[in-house]
Amino acid sequence: MPGNGHSVPGTSLSGRPPAGSRAPAPAPPPVERGLDRVDHSILRLLQQDGRASIRSVAERVHVSRANAYARIARMMEDGVIRGFTARVDHERAGQGASAYVTLKIVQNSWRTVRDQLLELPGVAHIALVGGEFDVLMLVHTPDNRALRELVLGSIQSIPQVLATQTLLVFEETDQVPPA
């Protein structure tokens, strides 16, 4: 449990299951409180190991367990920390085909398109962007046949999607903050 120096897999600091829902959460209120050096150190440690215990985090940033717990809880409440997750090797997890898919969509249809894209299997990330296209998304599928079906059969069948372009990922590396 938090406070005793041990992490409990599958729970958050509040004891509730971690937010794993694909539906977008309401935006938290704007952060009024700034982050100091200790907060940034805590964030870096949690990005390296989201399962680190409160005791371990506190020792490594040289604050009390109560202080570390309060800082993490505050950053969660402020929406700075949105959740904890595992870094996955998609190929080893049976998702050997990855691609970035760009979409051009009907003007003012972002929320409708986003909600439909979130329902599709293999969608890892979706962003509304500016430039030549409107949406950039990262997808992982078992193979190229499944990728083809996802793009041609599912994404292009969304009425508000005007065009897509698929960029195959040959190799990927996650950036982990340095220790």
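The values are calculated or read from the model by the stated rules, or taken from the named source; none is laboratory data. Not measured: the values here are computed from a predicted model. Don't worry about glycine lacking a Cβ; one is built from the backbone with ideal geometry, like all the others, and counts go over all protein chains shown.
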task: Tell me, please, whether a residue that is surrounded by 14 or more Cβ atoms within 10 Å (Cβ to Cβ), touching a helix residue (DSSP H, G or I) at 6+ places or on another chain (Cβ under 8 Å) and among the basic types (Lys, Arg) can be found in the stretch 74-92.
output: no
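Residue-wise test of (1) farther than 19 Å from VAL88 by Cβ; (2) touching a His at 6+ places or on another chain (Cβ under 7 Å); (3) not aliphatic (A, V, I, L, M).
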| position | (1), (2), (3) |
| --- | --- |
| GLN107 | yes, no, yes |
| ASP143 | no, no, yes |
| ARG148 | yes, no, yes |
| LEU152 | yes, no, no |
The helices (runs of 4 or more DSSP H) lying entirely within the stretch 54-167 that contain at least 2 residues which are assigned by TED's automatic domain parsing to the domain that holds LEU43 are 54-61, 65-77
Apart from one, (1) under 30 Å from ALA163 (Cβ atoms); (2) surrounded by 14 or more Cβ atoms within 10 Å (Cβ to Cβ) all hold for VAL61; the odd one out is (1)
By residue number, the members of the stretch 102-118 that are closer than 17 Å to LEU147 by Cβ and touching a residue at least 60 places away in the same chain (Cβ under 8 Å) are THR102, LEU103
The condition of being within 30 Å of LEU167 (Cα to Cα), under 22 Å from the mean Cα position of the chain (by Cα), surrounded by fewer than 17 Cβ atoms within 10 Å (Cβ to Cβ) and at pLDDT below 95 holds, among GLN48, GLN95, only for GLN48
Selection from the stretch 98-118 of residues on the phi > 0 side of the Ramachandran plot and surrounded by 12 or more Cβ atoms within 10 Å (Cβ to Cβ) yields none
